[in-house]
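Notes for the one structure printed next.
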Amino acid sequence: HPPAAVPAIKAAMMGGDEEPPEPPRNTTFNPLQIEPTEEERGDPTFNEEDEQCRRAMEAMGYSGYDYDEFQRKKRGEPRYPPGTERVRTMFGNDNWPYRALYVVLHLGVLVMLIATPTSVWHPGAEVMLAFFSMTAAILFFVLQGSDPGYVEAPIDHVPADNVMDEAVQDEIETGMYGPNSAAMQPIDASEGTVDMESGEEESMLEWDSFPPMRTIYCKAKEKYVAKFDHFCMFLNTPIGEKNHCLFWWFLLFETMSISEAIAILKTGFHWFYGDHSTDIVQAMIEVVILDLLLLMIGGLWIFHTFLAIVSLTTYEFMRADTVPYLKNTEDFDFPFSDTPVMNLRRFCCLAGFELLWKEWRPFEWKRPVKVNSRSEDWWRHPWNNKYYSCC
């Protein structure tokens, strides 16, 4: 008898009571073989096919978020439903709550100084504190709600997800700026033009698409900002090319005002000896609080001084790996930097004091295709050149 007939003959000899053998099980792992939970079965929004695709992507080392983003873009839906966008504002778009908060906080500090019995106001302290505080307040009211340098977008232009003022992780997870994406491919030198006005011939990167180079979409204001630095929640105002210098002066006078207040409080006690009564402890606590404020605001002032010297922005400093016009650059290349004197002239004069009598126009930024870190011209390349490297 043929081998296939043997099981049938045996079954006939035993009276046909034996059940047929079970088919062999598939022992190969398949991530698509999943069973939905009871909660998922009862959820009307649960899609078993989508869940299988997510599990498959996770099994291959990807994130299920990538699949959701792919389906969202395929359907043409916005990243966030209407009314749920992440807008980084504290009190909405009205200016008066921010100004009221500023006045209340500074009046509170002033009352604290006056009410501290151990404070000794040295000659001229009142004048210095009043000058610094009033100047900072004037700068705040001018800066708050000011025009950072808005750039009009073409008609029917839809901002891309990658330029929205959101967390860096969101941009990376969407895959729009992954290492294999088209936007992050190395730049061909043929895409640039030669700038003959500089001391050295450099192939300059052409950038004809919108938005212009260094112009970023601010989601909080839903507008493009030239040389976008960041959106300040405390000011409810974006900081850009037109008001960055004003923001720097505001930080400077706030730092000096807080420093003068600390100097007044420290006149009435010593940290390590003397009578540590209740009044002394109160003054110590107040000094610690103001020291923390000084560390934060003074640190911001120092950081923005550094940005002005090297012609950089906070946005570019934090997101160099995801900004399209910074591709093919290394950390601390400072591709938009000229000499320190020229950088400060652009920051303080062209986009600062001269705006008092001149109309602002966005600067046309350009950068070399490849930053020459081995240049012999150390004056034009003071940070990295043939002779030394500071970073």
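Sorting the segments 107-117, 336-346 by their mean number of nearby beta carbons within 10 angstrom, highest to lowest, gives 336-346, 107-117.
Around the amide H of MET233, modelled in the peptide plane, lies no amide H under 5 Å away from a residue 5 or more places distant or on another chain.
Couplings 3J(HN,Hα) of segment 283-293, computed from phi: 5, 4, 5, 5, 5, 4, 4, 5, 4, 5, 5 Hz, in residue order, whole Hz [Karplus 6.51 cos²θ - 1.76 cosθ + 1.60, θ = phi - 60°; x for Gly and Pro].
Cross-link reach is defined here as a Cα-Cα straight distance under 21 Å, omitting same-chain residues fewer than 8 places apart; for LYS386 the lysines meeting it are LYS370. Within the straight-line cut-off of under 29 Å between alpha carbons, the lysines reachable from LYS74 are LYS219, LYS221, LYS223, LYS327, sequence neighbours fewer than 8 places apart in one chain being disregarded.
Listed by chain and number, the lysines whose C-alpha is less than 19 Å from the C-alpha of LYS358, apart from same-chain residues fewer than 8 away, are LYS227, LYS242. Count Lys and Arg as plus one, Asp and Glu as minus one, and take only other residues whose Cβ is under 15 Å from that of SER259; the net charge is then -3. Distant-in-sequence amide contacts of CYS218, defined by a placed amide H-H separation under 5 Å and a gap of 5 or more residues or a different chain, comprise LYS223, TYR224, VAL225. Take 213-221, 147-155, 352-360 and order them by the average number of nearby Cβ atoms within 10 Å per residue, most first; the result is 213-221, 147-155, 352-360. Annotation: average projected area of segment 298-391 is 6.9 square nanometres, based on the convex hull of Cα atoms across all directions.
Listed values for segment 356-366 are Karplus-derived 3J(HN,Hα) couplings in whole Hz (6.51 cos²θ - 1.76 cosθ + 1.60, θ = phi - 60°), namely 5, 10, 10, 7, 6, 10, x, 6, 8, 7, 8, and x replaces Gly and Pro.
Bear in mind these aren't lab numbers, they're just calculated from the coordinates by the rules spelled out. Computed from a prediction, not measured in an experiment: that's the story for all the values here. When we count neighbours, we look across all protein chains shown, and the Cβ atoms used for this are built from the backbone with ideal geometry, even at glycine.
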